[in-house]
Amino acid sequence: MPVKSLPAGTRARLLTAAKKAMKHAHAPYSKFRVGAAILLSNGKIYSGCNVENASYGLTNCAERTSIFSAVAESGPKIEIRAVSVVNDQGVPCSPCGACRQVIYEFGPDATIFFQGATGPKQAHITELLPEGFRLQ
Ligand code: THU
């Protein structure tokens with residue numbers, strides 16, 4: 001699947017929303033603050049940050065926070081067009097496996113923007129998650 005291009009202005013708005021949300025991260029354990037923003041097919045943007053917990057496994061990543069916020073406000077029929085992920089350390093950071101599966105649930109054709117090993121990168125969700133799981 002080829003990545004869908006996004007107008008530069010829309011991509012910039014998504015990045016700005018991700019950076020803003022990153023500032024709200026609750027990351028006292030890892031000290032790694034992450035922000036994410038999603039663009040829906042109706043043009044709406046939702047954002048989220050990582051929310052850690054003293055019981056480490058309960059941590060919610062920024063990507064899932066943004067998606068769950070979107071579903072809570074807009075309902076389950078949302079369609080994710082693009083996701084932008086940033087962190088406060090400027091290091092490579094693509095969505096974790098769990099988040100890839102959650103992105104796929106609502107965005108099987110989504111483009112993901114993130115920091116790769118050699119700089120900014122974009123990838124189709126199915127490049128990051130081949131053979132994603134679906135129940136139909
Ligand atoms: N984290 C995210 O929020 N998104 C990612 O794409 C990678 C990891 C968070 C989870 C945890 O709070 C911290 O980063 C360190 O793993």
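Using the Karplus curve 6.51 cos²θ - 1.76 cosθ + 1.60 with θ = phi - 60°, work out ³J(HN,Hα) for each residue of the stretch 14-31 in order, rounded to whole Hz, and write x for Gly and Pro.
The phi angles translate into 5, 5, 4, 5, 5, 5, 5, 5, 4, 5, 8, 4, 10, 9, x, 8, 8, 6 Hz.
Ignoring solvent entirely, what values of log10 I(q)/I(0) come out of the Debye formula for the chain at 0.17, 0.21 Å⁻¹ when each Cα is a single scatterer?
Reported log10 I(q)/I(0), two decimals: -0.85, -1.31.
When only DSSP loop residues count, what chymotrypsin sites (Phe, Trp or Tyr not before Pro) in the stretch 93-136 have their Cβ near at most 13 other Cβ atoms within 10 Å?
On the way: sites: Y104, F106, F113, F114, F133; in loops: F133.
Passing both the DSSP loop test and the Cβ count: F133.
For the stretch 51-57, just list the computed ³J(HN,Hα) in residue order, Karplus coefficients 6.51, -1.76 and 1.60, θ = phi - 60°, integers in Hz, with x standing in for Gly and Pro.
Listing the rounded values in order: 10, 8, 9, 4, 8, 3, x Hz.
With both partners inside the chain, how many of the DSSP beta bridges are antiparallel, as a percent to the nearest 5?
Working: 20 of 24 bridges.
Antiparallel: roughly 85 percent of the beta bridges in the chain.
Could you go through the stretch 59-69 in sequence order and give the Karplus-derived ³J(HN,Hα) for each residue, using 6.51 cos²θ - 1.76 cosθ + 1.60 with θ = phi - 60°, rounded to whole Hz, and x for Gly and Pro?
After applying 6.51 cos²θ - 1.76 cosθ + 1.60, I find 4, 10, 6, 4, 4, 5, 4, 5, 5, 5, 5 Hz.
Using the beta-carbon distance between A8 and L135 and R0 = 22 Å, what value does 1/(1 + (r/R0)^6) give for FRET efficiency, to the nearest 0.05? Kindly include the intermediate steps, with their values, before the conclusion.
Values: r = 37 Å, r/R0 = 1.67.
Once rounded, the FRET efficiency stands at 0.05.
What are the trypsin sites (Lys or Arg not before Pro) within the stretch 86-136 that DSSP puts in a loop, where the Cβ has at most 13 other Cβ atoms within 10 Å? Could you put the intermediate results ahead of the total?
Working: sites: R100, K121, R134; in loops: R134.
Listed in order of number, the matching sites are R134.
Loop-only chymotrypsin sites (Phe, Trp or Tyr not before Pro) in the stretch 1-93, please: DSSP not H, G, I, E or B, and at most 16 other Cβ atoms within 10 Å. Kindly include the intermediate steps, with their values, before the conclusion.
On the way: sites: Y29, F32, Y46, Y56, F68; in loops: Y29, F32.
Filter output for the stretch 1-93: Y29, F32.
No lab work stands behind these numbers, since they all come straight from the coordinates. Remember, it's a predicted structure, so these values are computed and weren't measured experimentally. Backbone-built Cβ (ideal geometry, glycine too); neighbour counts: all protein chains shown.
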